[in-house]
Amino acid sequence: MRNVVTRLLIMQSTAAVCVAILVSVIYGSEAAVAAIYGGVVALIMTSMLAWRISQVSRSGAALRWLVIGAGERMIMVCVAFAVGIGFLNLVPIPMLIGFGVAELAYYLAAGPMRRYMLELMGRRYDGQ
């Protein structure tokens, strides 16, 4: 599991840094900081998801932990964006773009995570 999560985090980090470089070239360093902040928020959400998945694998109440984890992540994203925009005065659009691209990288790389979850449940992965 750690290898899969590490791979996901590396892919998300790479995507966030690429977006920050692109945003820096186009809009300047202030927007690049906002894009990195958005990418870091996505990395934290991936880490929280991995933590909840590890709890699910050790618990009989899998659905309950996954629902709690989804709620936590939604609230944390809202709080992180509110802090970024309201308290840190970051530029909102690059922050959202950084978050979005890092999340897109997660979804593109999530195949290994799905395969691992299916193996935990004793099912065979058929590639769909």
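Some values worked out for this structure:
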| read-out | value |
| --- | --- |
| Any chance residue 13 is modelled with pLDDT under 90 and among the polar types (S, T, N, Q) | no |
| Leading residue by the ranking (farthest from residue 21 (Cα to Cα)) among those in segment 86-100 that are small (Gly, Ala, Ser) and touching a residue at least 40 places away in the same chain (Cβ under 8 Å) | 100 |
| Those residues of segment 22-36 which are surrounded by fewer than 13 Cβ atoms within 10 Å (Cβ to Cβ) and either of a type in the set (D, E, K, R) or on the phi < 0 side of the Ramachandran plot (or both), in sequence order | 25, 26, 29 |
| Count - residues of segment 45-83 that are at pLDDT 85 or above and aromatic (Phe, Trp, Tyr) | 1 |
| Residue in segment 63-78 that is nearest to the chain's Cα centre (by Cα), counting only those that are surrounded by 13 or more Cβ atoms within 10 Å (Cβ to Cβ) and not hydrophobic (A, V, I, L, M, F, W, C) | 73 |
| Helices (runs of 4 or more DSSP H) contained in segment 1-83 and holding at least 2 residues touching a residue at least 40 places away in the same chain (Cβ under 8 Å) and β-branched (Val, Ile, Thr) | 2-27, 29-58 |
| Qualifying positions in segment 84-128 - of a type in the set (A, V, I, L, M), in a helix (DSSP H, G or I) and at pLDDT below 70 | 113, 117, 118, 120 |
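The values are calculated or read from the model by the stated rules, or taken from the named source; none is laboratory data. Small disclaimer: the values here were computed from a predicted structure and weren't measured. A quick note on method: Cβ atoms are made from the backbone with ideal geometry, for glycine too, and the neighbour counts reach across all protein chains shown.
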